[in-house]
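Below is one structure, written out as structure tokens; comments come after it.
The values are calculated or read from the model by the stated rules, or taken from the named source; none is laboratory data. It should be emphasised that the depicted structure is a prediction, and the values quoted were computed from it without experimental measurement. Heads up, the Cβs are rebuilt from the backbone with ideal geometry, glycines too, and the neighbour counts pull from every protein chain shown. Keep in mind that these areas ignore ligands, DNA and RNA; they rest on the heavy atoms of the full protein, side chains included. Shrake-Rupley method; radii C 1.70, N 1.55, O 1.52, S 1.80 Å.
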Amino acid sequence: MVETIRRKDWKTIATIVTFLALLGTAYALREQIGDTLRNLREVNLWFILLIVPLAATNHYCQGKVYQGVFRILGDRFRTKPMFRLSLEMNFVNNIFPSAGVSGFSYLGLRLRKEGIKAGKTTLVQIMRFALLFISFQLLLGVGLFLLALAGDVNSFVMLVAGSLATLLFVGTVLAVYIISSKARINGFFTTLTLAVNRIIHVIRPRHPETIKINSVKTVFTELHDNYRLLRENVNLLRWPLVYATAANISEVFAIWSVFLAFGQVVNPGAIILAYAVANFAGIISVLPGGIGIYEALMTGVFAAAGVPVGLSLPVVLTFRIISMGLQIPPGYFFYQRNLQAKHPQET
């Protein structure tokens, strides 16, 4: 009974915190929202409406990535629940300022009632990022080729593309190197947990071990075991990679459709490069949805690729506001519905 009451209290707290986070995000974007509403009076709304099916395609493909990786690990989910999960994850990662950490935590909590352990959900989320990063690199190659055809490749563009590709490659290799060994994964995350606990201890001096090291070791031992299973079936990752690539392409086309709405045809290579840079920075940003960083970087890369700031800035702002406006409300709805759902231990 006490456990049930506590759980209900946490649900109420989570609902309040989420609502406050939504208000905070809306307040932070107030100027962008105003600019977007003014821009909509001057653009072709038919091209703007293309964002709707493209956003749906993106979440369908993201859901198929989750579905494909879970299937390799022995868990079968239907496509529709994974589509809803993608919307929920998008909401969590855009609203809560945690540099992507919120998504890892939420996925574990979200699927715990399905009997999925934290080690498995962590690996699935890592693989989702890895597949998206790999497809980023494939798209970067295409983008540079398209820019080269138009003569828009300069030394700065090459530096940006090369630096991003190197970071993505090194990050992917490093993650695989760590999780491929039980000794390395335990050593790395034990050290990381100790460091985080020391930082938390400054704020909470009466709690020297806020994050239990033994619990962390259990989770990442599960992560390593699931990685071994995934490595034995690596050939089955081809379809999740295809869907990850399709998800990125749908976003690129959504940005392109906004340029068309403004009456401008822009080299797709510039969009691919700007999209890759902005999304990478947005993932590691501690700000909700990478607000400010995403827009600034995307506009800067467009400028380096020869797209005037006077055109790219309103396009980026319009894309961001409309995209978030379309995706956050349904994500919030499914998030809240899951939060209020009765878990097996409550019934």
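Scanning segment 156-189 for residues that are closer than 20 Å to Gln137 by Cβ and of a type in the set (Gly, Ala, Ser) yields a total of 6. Of all residues in segment 145-170, those satisfying the criterion of being open to solvent by less than 40 Å² (accessible area, probe 1.4 Å) and within 29 Å of Arg238 (Cα to Cα) are Leu147, Val160, Ala161, Gly162, Leu164, Ala165, Leu168. What do you reckon, is Ser102 within 24 Å of Phe280 (Cβ to Cβ) and under 13 Å from the mean Cα position of the chain (by Cα)? Judged against the criteria, Ser102 is a match. The lone criterion from (1) modelled with pLDDT of 85 or more; (2) farther than 17 Å from Val266 by Cβ left unmet by Pro314 is number (2).
Among the residues making up segment 251-274, those that are more than 23 Å from the chain's Cα centre (by Cα) and open to solvent by less than 30 Å² (accessible area, probe 1.4 Å) are Phe259, Ala261, Val266.
When Ile72, Ile95 are screened for being open to solvent by less than 30 Å² (accessible area, probe 1.4 Å), at pLDDT below 95 and more than 24 Å from Ala278 (Cα to Cα), only Ile72 passes.
Here Arg231 does not qualify as at pLDDT 90 or above, outside any loop (DSSP other than H, G, I, E, B) and surrounded by fewer than 18 Cβ atoms within 10 Å (Cβ to Cβ). Considering the conditions (1) open to solvent by less than 20 Å² (accessible area, probe 1.4 Å); (2) in a helix (DSSP H, G or I), Ala246 is excluded by exactly one of them, (1).
For the structure I just gave you, tell me whether Asn58 is modelled with pLDDT of 75 or more and under 20 Å from Asn94 (Cα atoms).
Numbers: modelled with pLDDT of 75 or more: yes; under 20 Å from Asn94 (Cα atoms): yes.
Yes, satisfied.
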